[in-house]
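The values are calculated or read from the model by the stated rules, or taken from the named source; none is laboratory data. Every value quoted in this text rests on a predicted model; they were computed, and no experiment measured them. As a convention, Cβ positions derive from the backbone with ideal geometry for all residues, glycine included, and neighbour counts pool all protein chains shown. The accessibility values were calculated without ligands, DNA or RNA, using every heavy atom of the protein model including side chains. Shrake-Rupley method; radii C 1.70, N 1.55, O 1.52, S 1.80 Å.
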Amino acid sequence: MKNSLRVSALLCLAVSLAGCGSYSKMVNSFAPPKQKSAVTDQYDAPADKLAGTSPFCPKPEQKVQEIYMVMPEGGDKVGTVDVIFNDGKEAVLHGDYSAMSLAGDEKKAFQGNESQLMEMFGVAVGALPKAPKTSLLYFLLGADELTPESEKDAELIYSDFAGRDAPEVLIVGHTDTTGPSARNEALSIKRAEKMKKYLIVHGVTASNIQVSGMGERNLLVKTPDNTKEPKNRRVEITIR
């Protein structure tokens, strides 16, 4: 079976063995003689005699069960995964923790949850880098000072760096449409540069931070010219 991913990460787990490995009695002539353990005799038998009796060799009728589960995307994103089988048939897993178990020709879709995800894939999930994250912070009118609410939110953003190794940061400044366009262009860059200084103080390497300004060219809320709009006076900080 093969699978193709459209949006989200897919985790796969095989929960039983597909077959029995053979036992080799080939001698390593370059190594010194190996001492024989007292318990060796009970395992020193041909592989065909071990099949079905050793805990490492499943019985012939035992099927391999594979489990597929969609990882949460975070934010407003919803993950979707296409699973395409060798016979050309397709199954779509849509939404966080959507899952499917496969055992031979038997397929069963089910809705998993966070505890099941961590129980089955906890080691793999722990080894994954954190997903990219974008946060918005808002500014006072005509200034590069954060609003009181955004000052609190900024502390949460800073703490997110603690769990990331050498994070890459993209900061884009924006303004509303009040005032001349040239001034707004400069103000948007000033806001982005101000946030860069804060991040450096909190341990982010300066060379890992990219800064740019959009002025009033990319409004979050569309407005006419010379309109005060708090949500347009912002920086977008993307961590990856």
**Study point:** For the stretch 90-149, the spread of Cα positions along each principal axis, largest first, Å
**Key:** 65, 26, 18
**Study point:** Backbone HN-Hα couplings from phi across the stretch 188-196 [Karplus 6.51/-1.76/1.60, Hz, Gly and Pro as x]
**Key:** 5, 5, 4, 5, 5, 5, 4, 5, 4
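Using heavy-atom solvent-accessible surface (probe 1.4 Å) with all chains present, what is the largest-first order of His202, His94?
Numbers: His202 90, His94 115 Å².
Reading off the accessible areas and sorting them downward yields His94, His202.
Keeping every protein chain in place, order Leu137, Leu170 by accessible area at 1.4 Å, biggest value first, i.e. largest first.
Numbers: Leu137 0, Leu170 65 Å².
Correct descending sequence by accessible area is Leu170, Leu137.
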Check your understanding: For the stretch 133-240, which whole-number percentage of the solvent-accessible area (1.4 Å probe, protein heavy atoms only) is attributable to carbon and sulfur atoms?
Key -> 55
Point to revise | Charge context of Leu140, other residues only, Cβ under 14 angstrom, K/R +1, D/E -1 | key: +1
Point to revise | For the stretch 191-240, convex hull volume per residue from C-alpha positions, Å³ | key: 90
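What's the Cα-based Rg to Rh of the stretch 150-240, Rh via Kirkwood?
Values: Rg = 13.9 Å, Rh = 13.6 Å.
Using only Cα positions, Rg/Rh for the stretch 150-240 is 1.02.
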Check your understanding: Once amide H atoms are built 1.01 Å from N in the peptide plane, which residues 5 or more positions from Gly179, or in another chain, come under 5 Å H to H?
Key -> Asn226
